[in-house]
Amino acid sequence: MKMKKYISTLLLLFSIHAYAGDKIAFQNWAVEAGAQTIEAYTANESQSSMGLFCGGNQCSFYLNSNTNCQPGTKYHVLINSAAVSTSIAMKCTQVGGRYFQILEPFDVVLNAIKSGDIIGFAMAAGPGQFVIARFSLIGASEAISLAI
């Protein structure tokens, strides 16, 4: 069974390189490949998104919660899943007109995604206020494995 899954993943990987720009769904997650990049991501009902973006030899997990932040500034976020419940750092990065928070450390986020059906983030939004973002993890393992 493992060999069958391995072969199907390899075939899928080759098809992504052959058809860069195509979108492949893994339940609630998707993978899109560009000429030099690959991204695995999901979105929630409030149009926030989280995912993994890889370019060159580097991959980063990100959160796009539709909140403005100051580019270059580091913030703290609480992350909770079936496997992990902790505080991590996020660095605000502006790409075009959108703000993304790069989540660090990479290994903590990767471990948080490995089990369970949902992951949640709590971010400070002002004095006594928090923004909560939840995302499905159904399909995440396959999508992220392919992207990495």
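Could you calculate the contour length gain from ILE148 to VAL95, that is, 0.36 nm times the residue separation minus the distance between their Cα atoms, to one decimal place in nm?
Working: separation 53, 0.36 × 53 = 19.08 nm, distance 2.15 nm.
Gain on stretching ILE148 to VAL95: 16.9 nm.
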Query raised in the report: What order do PHE130, PHE135 take when sorted by accessible area (1.4 Å probe), most exposed first?
Result: PHE130, PHE135
Report summary line: region 41-86: relative contact order from alpha carbon pairs under 8 Å, six or more residues apart, as a whole percent, is 23 percent
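With each run of n ≥ 4 DSSP H residues scored as -39500 (n - 2.57), what mean residue ellipticity at 222 nm is computed for the chain after dividing by its residue count and rounding to the nearest 500 deg cm²/dmol? Could the numbers behind the result be given before it?
Numbers: 3 runs with 33 residues, N = 148.
Taken over the chain, the calculation gives -6500 deg cm²/dmol.
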Requested in this report: Give the carbon-plus-sulfur fraction of the accessible surface of the chain in %, rounded to a whole number; probe 1.4 Å, heavy atoms of protein chains only.
Outcome: 55 percent
Query - Sequence of ILE148, ILE102, ILE119 from largest to smallest accessible area, 1.4 Å probe - result: ILE148, ILE102, ILE119
Query raised in the report: Under 12 Å Cα-Cα from LYS23, which aspartates and glutamates qualify once same-chain neighbours fewer than 8 residues away are excluded?
Result: GLU32, GLU39
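Expressed in nm to one decimal, what extension gain is obtained for the pair ASN66 and VAL131 from 0.36 nm per residue of sequence separation less their Cα-Cα distance?
22.4 nm
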Query raised in the report: Excluding ligands and nucleic acids, what accessible area in Å² is computed for CYS69 using a 1.4 Å probe, to the nearest 10?
Result: 20 Å²
Query raised in the report: Rounded to the nearest whole Å², what accessible area per residue is found for the chain with the 1.4 Å probe?
Result: 59 Å²
Query raised in the report: In the calculated pair distance distribution of the chain, what percentage of Cα-Cα distances lie above 20 Å?
Result: 48 percent
Query raised in the report: In the full protein assembly as shown, how much of LYS114 is accessible to a 1.4 Å probe, in Å² to the nearest 10?
Result: 130 Å²
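May I ask for the net charge around ILE88, where only other residues with Cβ less than 12 Å from the Cβ of ILE88 are counted and Lys, Arg are +1 while Asp, Glu are -1? Write down the numbers at each step before the final one.
Values: positive: LYS74, LYS91; negative: GLU104, ASP107.
The answer is 0.
The values are calculated or read from the model by the stated rules, or taken from the named source; none is laboratory data. Bear in mind the structure is a predicted one, so any value in this text is a computation, not a measurement. No Cβ is skipped: glycine too gets one built from the backbone with ideal geometry, and neighbour counts run over all protein chains shown. We work out accessible area using only protein heavy atoms, side chains counted, and drop any ligands, DNA or RNA first. Shrake-Rupley method; radii C 1.70, N 1.55, O 1.52, S 1.80 Å.
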